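Structure, as structure tokens:
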Amino acid sequence: MALPLPTGLTQNEVSFLAEMEMVTVVPRQRLDSIDLLGGKTPQLRPPHRAQLPLWLALLLKKQRRANIVPPAWMHPASLAEIIHRETKEDPEAFSPPPPPPSRALYAQPGTARRLNHQHQPSFLDDLTQTTLDSQQQDPNSILSPPFLPSNVAESPAGYLPYHWLEIAEALLTHAGDDMPAPAGEVRSLLRDLVEVRAAKMRSSTSALEGFGDAWLTLRGVGAMELAENRAFLAGLVDGVRKIGASAEATRREEEEEARRGGEYGGDGDEDSDEDMGL
């Protein structure tokens, strides 16, 4: 007999999907292209940087064949900026996700168009099965993780990507010597950020107490945060729904009783008065 599976992705499954994120590596040895299900990886030629999936970058790091360049958002200054934004500037909202990349249009100087990859063709083009020409013809291409390059070296600082917690844990565990600062300092800032966002997630559920137009925005919430709080939020929403349904049923019963009392209450009083001889 098969056991019922939990709703949504588990934390282990989220960590597995995060390994598809693209990161930047600096190879220490020459390595030819590898045929993968998503396409061919770029040829590694030291000291030129290249973009690889996280799982492959971690494998090369363990074999001492490459170093991983941490994304800009993992720098202590960027993490401190995000913490200040979440605690001081906007204590009620989560930090916004990173903006999608853009590419200048040569036919229209001074304008740019958001794309699904960096300016130069890379392994990410094979993953999304697009080219520069097709991107120029289709400006409304879908941008979503893990095909959004938000963890490469060129990604902007001050924004948390969708898999920020999983990426940070993997890099600090297996590539702590590649961090731009001591790993202890980065871990301390990440711990503060996790606590701030966890408290914000718990406090934001108070908006669901109303039975009317209550809603909860999850913009900027990461994949691991969703996996950790899915059961709590689902139980909360289900409990609020049941309470609202019970209150609505009670209200309807009271209205029905009041309506029936209005129809039969007057005649009953007159009959009782006559019976008493008043």
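Readers should treat all values here as calculations from the given coordinates under stated rules, not as data from a laboratory. Just so you know, these numbers come straight off a predicted model, no measurement behind them. Positions of Cβ are backbone-derived with ideal geometry, glycine not excepted, and every protein chain shown enters the neighbour counts.
Listed values for the stretch 156-167 are Karplus-derived 3J(HN,Hα) couplings in whole Hz (6.51 cos²θ - 1.76 cosθ + 1.60, θ = phi - 60°), namely x, 8, x, 10, 9, x, 5, 9, 5, 5, 5, 5, and x replaces Gly and Pro.
Spin-label pair Phe232-Arg85: with each label point 7 Å from Cα along the Cα-Cβ axis, the two points sit 2.3 nm from one another.
Each label was represented as a point 7 Å from its Cα along the Cα-to-Cβ direction; for Arg260 and Leu17 these points are 5.1 nm apart.
Given their separation in residues at 0.36 nm each and the Cα-Cα distance between them, His48 and Arg64 gain 4.1 nm when the chain is fully extended. Peptide packing: for 191-198, 21-28, 42-49, the average count of neighbouring Cβ atoms within 10 Å per residue gives the ranking 21-28, 191-198, 42-49, highest mean first. Under 5 Å from the amide H of Arg28 lie the amide H atoms of Ala66, Asn67, each residue being 5 or more positions distant or on a separate chain, with H modelled from the backbone and absent for Pro and chain starts.
Cβ under 12 Å from Gly158's Cβ, Gly158 left aside: what net charge do those residues give with Lys, Arg +1 and Asp, Glu -1? It would help to have the intermediate numbers written out before the result.
Numbers: positive: Arg85; negative: Glu81, Glu86, Glu89.
Value of the local net charge: -2.
Using the beta-carbon distance between Glu169 and Arg241 and R0 = 30 Å, what value does 1/(1 + (r/R0)^6) give for FRET efficiency, to the nearest 0.05?
Details: r = 34 Å, r/R0 = 1.15.
For Glu169 and Arg241, the calculated efficiency is 0.30.
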